[in-house]
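Colleague: Take a look at this one; I'll ask things after.
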Amino acid sequence: MRVIGLMSGTSYDAIDAAAAELGLVGDSVVLKTLGMVSEPYDEELREALATALPPAATTLAEVCRLDTLIGQAFAAASVRANDELCDGRAELVASHGQTVYHWVEGGAVRGTLQLGQPAWIAEATGLPVVADFRPRDIAAGGQGAPLVSLVDLLWLRGRPGTPVALNLGGIANLTAPDGTAFDTGPACALIDAAASGFSGGRLAYDAEGALAARGMVHEPLLERLSSEPYYALPAPKTTGKELFHLGYLRDALAGLGTLPAEDVIATLTLLTARTVADAVRSVAATEVIASGGGTRNPVLMTLLSEELPGVPLRTSDELGLPSPAKEAYAFAILGFLTAHGLPGTVPASTGARHPSVLGSVTPGRRGLELPAPAERGPVRLVLGRGGVLGDGERVRP
């Protein structure tokens with residue numbers, strides 16, 4: 001089955017559309033990567049989204065408008081991915097949507113909202129769409145995140161020691177081999193907020209860590225930021241820009257005088273490295289395999305490596321999954337599992353009462369055509385070549 005996975009993270013800068021050929025063989029799900037295209041949000045839509053996100057106030061009218069516009073943007077990315085990566089032969093789209101709110105209260109997740117109406121994707125592509133992945137896990141008592149933990153566990157199974165999968169997006173999250181998975185705190189969220197805030201919106205992020213490299217860590221600010229109670233909460237736990245946003249940073253800066261942008265960003269970069277390293281040590285990791293936009297920040301990666309002496313720090317590219325596309329491929333896999341009636345969650349990772357088949361399905365132009373339910377779920381992910389494994393066994397599409 002050819003599946004397009006769509007993802008736009010907490011940095012909300014672009015929509016990533018990764019295409020994969022997926023099949024089931026024995027106890028494995030086999031993935032052949034077909035490539036990724038990335039469609040930046042146009043400036044007007046990105047600004048509207050930024051203006052509506054917490055802690056800002058918004059209206060239901062604006063939420064409706066954003067749901068439509070984001071859905072249309074995701075639809076355009078799907079059409080492009082189908083044309084350029086699948087020769088027009090994709091069979092399913094799996095859309096994560098754009099997270100705009102993750103409702104956490106008293107340490108429990110009460111709800112979540114991802115915008116990007118899937119009907120626009122189904123109408124533009126003619127394909128069935130799996131979307132709204134997170135609510136089902138929350139309804140089962142889980143955190144609704146990190147959902148990529150199942151894919152990480154399948155992918156890293158069999159590696160020696162205690163390999164940890166780490167995603168460095170707006171928020172950082174990790175998955176350990178025993179199923180422990182959680183958001184560690186900000187990865188690029190506060191760095192991006194500072195870059196944008198200090199530049200008056202001219203910069204969206206600290207490109208290649210250039211600002212951090214020129215700055216000096218401000219210890220009082222680092223100490224103040226490090227006292228955030230979230231870091232001490234037990235797993236499973238999730239967070240987002242509802243907590244880590246520009247207003248949060250401004251509150252932390254209060255009373256510290258006027259600090260250079262470079263010093264603030266250097267401090268935030270070290271904060272990310274230290275809080276991530278603390279989380280990695282808490283699961284006794286012997287290897288870290290990182291992905292996400294943060295891997296393109298050499299200052300952050302160097303600091304993280306220094307915070308984890310003796311623990312190899314690799315990127316997912318070294319293991320065959322392109323780092324920028326890993327989450328989009330993960331949601332392609334989750335959509336594929338849903339289409340086959342298979343659970344997409346691990347209770348040990350999200351805290352749910354039981355595994356759940358995820359998402360809601362929007363029929364395509366020819367109605368709802370799904371494969372026959374699979375008898376059992378996979379226990380490992382294999383990066384294959386086309387439709388045949390090395391022993392010649394055929395892959396179930």
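Colleague: For the stretch 152-170, which positions are hydrophobic (A, V, I, L, M, F, W, C) and closer than 20 Å to Ile15 by Cα?
Modeller: Taking the stretch 152-170 first, the residues hydrophobic (A, V, I, L, M, F, W, C) are 153-156, 164-166, 168.
The answer is Leu168, and nothing else.
Colleague: Just for the stretch 59-104: of the residues that are open to solvent by 40 Å² or more (accessible area, probe 1.4 Å) and at pLDDT below 95, which one is farthest from Tyr12 (Cα to Cα)?
Modeller: Val104
Colleague: What is the number of the single condition among (1) open to solvent by less than 10 Å² (accessible area, probe 1.4 Å); (2) closer than 16 Å to Gly351 by Cα; (3) at pLDDT 95 or above; (4) of a type outside the set (S, T, N, Q) that Val130 does not meet?
Modeller: (2)
Colleague: Restricting to the stretch 129-142, give me the number of residues that are part of a loop (DSSP other than H, G, I, E, B) and either under 23 Å from Val379 (Cβ atoms) or of a type in the set (A, V, I, L, M) (or both).
Modeller: So the first thing to find is which residues in the stretch 129-142 are part of a loop (DSSP other than H, G, I, E, B), and the list is 132-133, 140-142.
Retained after the next criterion (residues that are either under 23 Å from Val379 (Cβ atoms) or of a type in the set (A, V, I, L, M) (or both)): 133, 140, 142.
Qualifying residue count, the stretch 129-142: 3.
Colleague: Follow-up. Suppose we filter the stretch 305-317 for residues that are in contact with a strand residue (DSSP E or B) (Cβ under 6 Å, 6 or more places away or on another chain), within 20 Å of Gly170 (Cα to Cα) and not basic (Lys, Arg); how many remain?
Modeller: Selection size over the stretch 305-317: 4.
Colleague: Same structure, new question: Restricting attention to the stretch 307-319, does a residue exist that is open to solvent by 20 Å² or more (accessible area, probe 1.4 Å) and of a type in the set (Gly, Ala, Ser)?
Modeller: Yes, the stretch 307-319 contains a residue that is open to solvent by 20 Å² or more (accessible area, probe 1.4 Å) and of a type in the set (Gly, Ala, Ser).
Colleague: Go through Glu369, Glu318, Glu327 for me and flag whichever is in a helix (DSSP H, G or I), within 18 Å of Glu21 (Cα to Cα) and at pLDDT below 95.
Modeller: On the way: Glu369 fails: in a helix (DSSP H, G or I); Glu318 fails: within 18 Å of Glu21 (Cα to Cα).
One residue alone meets the criteria, Glu327.
Quick grid of which residues meet (1) closer than 23 Å to Val79 by Cα; (2) under 19 Å from the mean Cα position of the chain (by Cα):
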| site | (1), (2) |
| --- | --- |
| Asp13 | yes, yes |
| Leu31 | yes, yes |
| Val37 | yes, yes |
| Asp42 | yes, no |
| Ala48 | no, no |
| Ala52 | no, no |
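Colleague: Is there a residue in the stretch 302-313 that is of a type in the set (Asp, Glu), at pLDDT 95 or above and part of a helix (DSSP H, G or I)?
Modeller: The answer is yes, given that some residue of the stretch 302-313 is of a type in the set (Asp, Glu), at pLDDT 95 or above and part of a helix (DSSP H, G or I).
Colleague: Still on this model: Only one of (1) part of a loop (DSSP other than H, G, I, E, B); (2) on the phi > 0 side of the Ramachandran plot; (3) at pLDDT 95 or above is not met by Tyr12, so which one is it?
Modeller: Here Tyr12 meets the rest and fails (3).
Colleague: Considering only the stretch 220-237, how many residues are open to solvent by 30 Å² or more (accessible area, probe 1.4 Å), part of a helix (DSSP H, G or I) and touching a residue at least 40 places away in the same chain (Cβ under 8 Å)?
Modeller: Number of matching residues: 2.
Colleague: Being open to solvent by 50 Å² or more (accessible area, probe 1.4 Å), farther than 19 Å from Gly169 by Cβ and not aliphatic (A, V, I, L, M) is the filter here; which residues of the stretch 202-219 pass it?
Modeller: Arg202, Arg214, Glu219 - these are the residues of the stretch 202-219 that are open to solvent by 50 Å² or more (accessible area, probe 1.4 Å), farther than 19 Å from Gly169 by Cβ and not aliphatic (A, V, I, L, M).
Colleague: Something else: Could you grab the pairs with beta carbons closer than 7 Å, sequence gap of 6+ or different chains, first residue in the stretch 355-369 and without any contact (Cβ under 8 Å) to a residue 60 or more places away in the chain and over 12 Å from Ser95 (Cβ atoms), second one open to solvent by less than 60 Å² (accessible area, probe 1.4 Å) and outside any loop (DSSP other than H, G, I, E, B)?
Modeller: These pairs meet every condition: Pro355/Pro347.
Colleague: Among the residues of the stretch 187-200, are any open to solvent by 50 Å² or more (accessible area, probe 1.4 Å) and not hydrophobic (A, V, I, L, M, F, W, C)?
Modeller: Yes, there is a match, as at least one residue in the stretch 187-200 is open to solvent by 50 Å² or more (accessible area, probe 1.4 Å) and not hydrophobic (A, V, I, L, M, F, W, C).
Colleague: Taking the options Gly367, Gly294, name whichever one is open to solvent by less than 20 Å² (accessible area, probe 1.4 Å) and within 30 Å of Gln117 (Cβ to Cβ).
Modeller: Gly294
Colleague: Suppose the filter is out of contact with any Pro (no Cβ under 7 Å at 6 or more places or on another chain), on the phi < 0 side of the Ramachandran plot and not aromatic (Phe, Trp, Tyr); does Ala284 pass it?
Modeller: Criteria not met by Ala284.
Colleague: Would you list the strands (runs of 3 or more DSSP E) that sit entirely within the stretch 146-191 and hold 2 or more residues that are free of Cβ contacts under 8 Å to residues at least 24 places away in the same chain?
Modeller: none
Colleague: What are the residues in the stretch 81-121 that are of a type in the set (A, V, I, L, M), in a helix (DSSP H, G or I) and within 20 Å of Arg65 (Cβ to Cβ), if any?
Modeller: Selection gives Ala119, Ile121.
Colleague: When you check Trp120 against the structure, is it surrounded by fewer than 19 Cβ atoms within 10 Å (Cβ to Cβ) and either more than 14 Å from the chain's Cα centre (by Cα) or among the acidic types (Asp, Glu) (or both), yes or no?
Modeller: Here the answer is no, as Trp120 does not meet what is asked.
The values are calculated or read from the model by the stated rules, or taken from the named source; none is laboratory data. Because the structure is a prediction, the values reported are computed rather than measured. In this analysis, Cβ positions are derived from the backbone assuming ideal geometry, glycine residues included, and neighbour counts consider all displayed protein chains. These accessible areas exclude ligands, DNA and RNA; they are computed on the full protein's heavy atoms, side chains included. Shrake-Rupley method; radii C 1.70, N 1.55, O 1.52, S 1.80 Å.
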